[in-house]
Every structure is written in C-alpha cells, then in structure tokens.
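Below is one structure, written out as structure tokens; the observations come after it.
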Amino acid sequence: DQQVKQNSPSLSVQEGRISILNCDYTNSMFDYFLWYKKYPAEGPTFLISISSIKDKNEDGRFTVFLNKSAKHLSLHIVPSQPGDSAVYFCGDQGNLIFGKGTKLSVKP
Amino acid sequence: DAGITQSPRHKVTETGTPVTLRCHQTENHRYMYWYRQDPGHGLRLIHYSYGVKDTDKGEVSDGYSVSRSKTEDFLLTLESATSSQTSVYFCAISGESSYNEQFFGPGTRLTVL
C-alpha cells in the first residue's frame, strides 16, 4: 500500500528563521516527489521536485532533501517570509498520492 | 500560468441529483486529473486521463465517472450526488511524462444538501 504522510498538520515560524516541513513515504514507484504550495481559495502550485538520482535539490530559498533509506524527505525554507504562509503538500508523482498537508504560518 | 479553467466555480445541489464539473485546458497537455480536497484528508485522486478516451481510477473513484472526448476537456460526473461528496474539486494537467509537475485549476466548491 502506497502512502505519503505529513505528520505535522501545522507549523509556526518567525520571519527570517528556517521552516522545515517533513514527509514520509512507503512503497514509492519512482521515488519522484514534488512539493506544492496552496493559498486559501486557490489551486495548489508547484514549488520544487526531487528525483531518486539526487538527495538534494535547491531553488532559491527552497531546498528539498531526500533520504531514500529512511523513506523521508524534507522541505527547507530559508529565510522564511510572511508570504510563505500557506498549506504545503508533499506528493509522490509516481503513485499520484499526496500527503494531508502542513499549514505553515510565518509570523512577522 | 497554465491555461486551465474549471466550471462552475461554485455549486449547491441536492442529494440524488446528477452533477457534472468541467475542466478545460488550452495547453494541449496529455494528462488530466480530478482531485478532491477535504479537511484532514489533503488531496485525493478521483480519476485521471492519459489521453482522449483513456481514463483510469484513482484512490476515491466510487460514485464518480469521467469522460474525455477531446484533449482539452475532462468532465467529472456525480451520477447521484450524496452529502459525502461535498468538497472542493481540483482539476490538474501535466505534460508528456509522468515526471512532469501538475498544474492545478482554481477549484470548484460543491455543496450537496
């Protein structure tokens, strides 16, 4: 059974500090994962991806780390900004499964 | 932004009535998806399409059917709506490879009374 788990429903961080969002998975078909960001009343938007050939992918303030042996990935946002406040979904693209999301609040 | 629209954006209907939601894209993308988003459940795949007339079931397909007669349109039908189908429905598209990211529409909020 394929699963993607985001065990923290919410996270609160001070502006300028690091935000770390975590995701665990089981039985991924391709080990290819994507993070999406969702604001209220809007559709999710793609943020960053990582495939099994890498253990890290970086795009500006956003970095995703993949630990295949632990079946764990994490999204780091540095420095966090109030505009980053949103719900973040981790997705297993091979199995078309998403986690339940983590609501990030960045306080000024 | 990817050219993807959903209609209607909001709908209130009664239990037992049929409902059809439409997703329209202008990107000529091969893959199209329907998800529902519910509190405590995140995004769950209902059905997806990998080409005209080619569709497959997702995690929560019971009570839903889909059709894709043209590349640009993907229809989701609730044959007989139930209150458990009250949700926000998102359509998404992606390109030629399963490794492509998905682009999501703005969503349709459906309420079944």
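Do we find a residue being among the aliphatic types (A, V, I, L, M) and either within 12 Å of chain B (Cβ to nearest Cβ) or not in a strand (DSSP E or B) (or both) anywhere in the stretch A:1-9? Checking the stretch A:1-9: at least one residue is among the aliphatic types (A, V, I, L, M) and either within 12 Å of chain B (Cβ to nearest Cβ) or not in a strand (DSSP E or B) (or both). The condition of being over 17 Å from A:Ile97 (Cβ atoms) and within 14 Å of chain A (Cβ to nearest Cβ) holds for only one of B:Gly51, B:Gly58, B:Gly95, B:Gly63, that being B:Gly95. Here the stretch A:10-55 is the region considered, the condition is being without any contact (Cβ under 8 Å) to a residue 24 or more places away in the chain and closer than 14 Å to A:His76 by Cα, and the residue that is nearest to the other protein chains (Cβ to nearest Cβ) is A:Ile50. For the stretch B:55-113, a residue qualifies if it is touching a helix residue (DSSP H, G or I) at 6+ places or on another chain (Cβ under 6 Å) and β-branched (Val, Ile, Thr), and exactly one does: B:Val112. Selection over the stretch A:21-45 of residues that are among the hydrophobic types (A, V, I, L, M, F, W, C) and surrounded by 18 or more Cβ atoms within 10 Å (Cβ to Cβ) gives a count of 5.
Only a single criterion out of (1) on the phi > 0 side of the Ramachandran plot; (2) in contact with a strand residue (DSSP E or B) (Cβ under 7 Å, 6 or more places away or on another chain) is not satisfied by B:Arg30, namely (1).
When B:Arg44, B:Arg36 are screened for being of a type in the set (Lys, Arg) and touching a Gly at 6+ places or on another chain (Cβ under 8 Å), only B:Arg44 passes.
Going by what's in this entry, would B:Leu45 be described as more than 10 Å from every other protein chain (Cβ to nearest Cβ) and of a type in the set (A, V, I, L, M, F, W, C)? Judged against the criteria, B:Leu45 is not a match. The residue that is nearest to B:His41 (Cα to Cα), counting only those in the stretch B:73-86 that are touching a residue at least 40 places away in the same chain (Cβ under 8 Å) and more than 13 Å from the chain's Cα centre (by Cα), is B:Ser83.
Every listed requirement among (1) more than 14 Å from chain B (Cβ to nearest Cβ); (2) of a type in the set (Gly, Ala, Ser); (3) crowded, with 21+ Cβ neighbours inside 10 Å is met by A:Ala86 save one, (1). Restricting the stretch B:4-51 to residues that are free of Cβ contacts under 8 Å to residues at least 12 places away in the same chain and surrounded by 12 or more Cβ atoms within 10 Å (Cβ to Cβ), the residue that is nearest to the chain's Cα centre (by Cα) is B:Gly42. Considering every residue within the stretch A:51-58, establish whether at least one is closer than 21 Å to A:Ser105 by Cα and touching a Phe, Trp or Tyr at 6+ places or on another chain (Cβ under 9 Å). Checked against the condition, which is being closer than 21 Å to A:Ser105 by Cα and touching a Phe, Trp or Tyr at 6+ places or on another chain (Cβ under 9 Å), the stretch A:51-58 yields no hits at all. Each residue in the stretch B:86-104 was checked for being modelled with pLDDT of 95 or more, polar (S, T, N, Q) and buried (at least 21 other Cβ atoms within 10 Å of the Cβ), and 1 pass.
The values are calculated or read from the model by the stated rules, or taken from the named source; none is laboratory data. Since the model is a prediction, treat every value here as computed from it, not as a measurement. We place every Cβ from the backbone using ideal geometry, glycine too, and count neighbours over all the protein chains shown.
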